[in-house]
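Below is one structure, written out as structure tokens, with a few remarks after it.
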Amino acid sequence: MLPFALGFTLPSEAAGPKEPINHEEQYIACIKLVERRPDAAFESALSWASQGGGFPAEHCATQALYALKIYDAAAIRLEKLADVMKTDNVELRSQLLHQAGRAWYDHGDLERAFAVQSTAITLFPDGTEYYIDRAEILAELGRFDEALIDLEVAHSLEPERADILALRGTAKRFLGNDTEALKDIALALNLEPDNLEALLERGILKRLAGDNNGAREDWLKIVNIALGTPAADAAQLNLEKLDVMVE
């Protein structure tokens with residue numbers, strides 16, 4: 001997850017320093033620093049917060065913690081930020097909880113991730129990414145029927161997104177509906193012919209149908225166009241398993 005620049009109401013000036021701090025510029029600079037030196041960004045954010053940086057400084061600190069892979073601390077801070085905001089800005093509060101849910105997911109606390117993402121959805125029911133992320137959590141928990149419901153909502157919000165169709169196809173496969181899964185994957189690849197997740201899933205469906213050559217073709221394509229990505233790693237693993245089966 002890359003740092004999120006949010007639409008905070010930025011303080012106009014800081015108490016203490018001789019020269020007023022331009023908080024908007026400071027926020028942009030802090031978020032950029034997260035990408036290069038998250039440790040330095042965290043220290044900078046704390047210093048800025050002590051000078052009146054408010055929510056923007058605290059948010060930058062959470063992004064630095066996330067980049068440092070201290071996911072639980074990032075999640076806790078994000079939840080606290082959302083709580084402090086109360087009802088001042090419901091959509092922004094939901095965004096903070098959405099990010100907290102992602103952090104809990106990466107920390108490995110799926111139940112808390114689910115609870116936080118559910119609260120984000122309650123606050124802002126039109127957030128496509130919220131449903132996608134909750135669907136992925138539900139899939140990890142083995143609750144594919146519920147994951148499919150969330151993906152249906154996400155698809156209704158953004159019907160032209162290949163990634164949603166690919167995920168929906170995977171959920172349908174786990175629910176034993178390979179025919180409908182293939183339809184979703186075909187739609188995804190029609191929208192985006194090189195979508196890695198759709199190619200990976202189509203290869204799996206082909207292998208399950210006994211089309212080993214077709215599966216190999218899809219997985220080799222992923223390896224050739226996206227070496228080093230998680231999808232390519234999964235494709236390579238499937239190719240190795242396929243070779244063992246053939247032998």
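The values are calculated or read from the model by the stated rules, or taken from the named source; none is laboratory data. Given the structure is predicted, the values throughout are model-derived calculations rather than measurements. Cβ sites come from the backbone with ideal geometry, for glycine too, and all protein chains shown count toward neighbours. For accessibility, only protein heavy atoms count, side chains too; no ligands or nucleic acids. Shrake-Rupley method; radii C 1.70, N 1.55, O 1.52, S 1.80 Å.
Only one entry of 165, 141, 151 meets the criterion of being crowded, with 17+ Cβ neighbours inside 10 Å, touching a Leu at 6+ places or on another chain (Cβ under 9 Å), of a type outside the set (Asp, Glu) and within 21 Å of residue 110 (Cβ to Cβ), and that entry is 151.
Quick grid of which residues meet (1) among the small types (Gly, Ala, Ser); (2) under 14 Å from the mean Cα position of the chain (by Cα):
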| position | (1), (2) |
| --- | --- |
| 106 | no, yes |
| 115 | yes, no |
| 121 | no, no |
| 143 | no, no |
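Screening residue 109 against (1) at pLDDT 95 or above; (2) acidic (Asp, Glu); (3) open to solvent by 70 Å² or more (accessible area, probe 1.4 Å) leaves a single unmet condition, (3). Only one of the listed residues (157, 187) is open to solvent by 60 Å² or more (accessible area, probe 1.4 Å) and within 13 Å of residue 135 (Cβ to Cβ). That residue is 157. For the range 199-213, which positions are open to solvent by 10 Å² or more (accessible area, probe 1.4 Å) and small (Gly, Ala, Ser)? Hits for the range 199-213 are 209, 210.
Take residue 196 and decide whether it is open to solvent by 20 Å² or more (accessible area, probe 1.4 Å), under 18 Å from residue 235 (Cα atoms) and in the same structural domain as residue 242 (by the TED database). No, not satisfied.
On the basis of being more than 23 Å from residue 172 (Cα to Cα), under 16 Å from the mean Cα position of the chain (by Cα) and among the basic types (Lys, Arg), does residue 134 make the cut?
So residue 134 does not fit the description; no.
Apart from one condition, residue 117 fits all of (1) surrounded by 24 or more Cβ atoms within 10 Å (Cβ to Cβ); (2) in contact (Cβ under 8 Å) with a residue 24 or more places away in the chain; the exception is (2).
Considering only residues of the range 168-184 that are hydrophobic (A, V, I, L, M, F, W, C) and open to solvent by 50 Å² or more (accessible area, probe 1.4 Å), which is farthest from residue 148 (Cα to Cα)? Only one residue fits best here, namely 182. Return a yes/no flag: does the range 85-103 have any residue that is in contact with a Pro (Cβ under 9 Å, 6 or more places away or on another chain), open to solvent by less than 50 Å² (accessible area, probe 1.4 Å) and over 27 Å from residue 147 (Cβ atoms). No, every residue in the range 85-103 fails to be in contact with a Pro (Cβ under 9 Å, 6 or more places away or on another chain), open to solvent by less than 50 Å² (accessible area, probe 1.4 Å) and over 27 Å from residue 147 (Cβ atoms).
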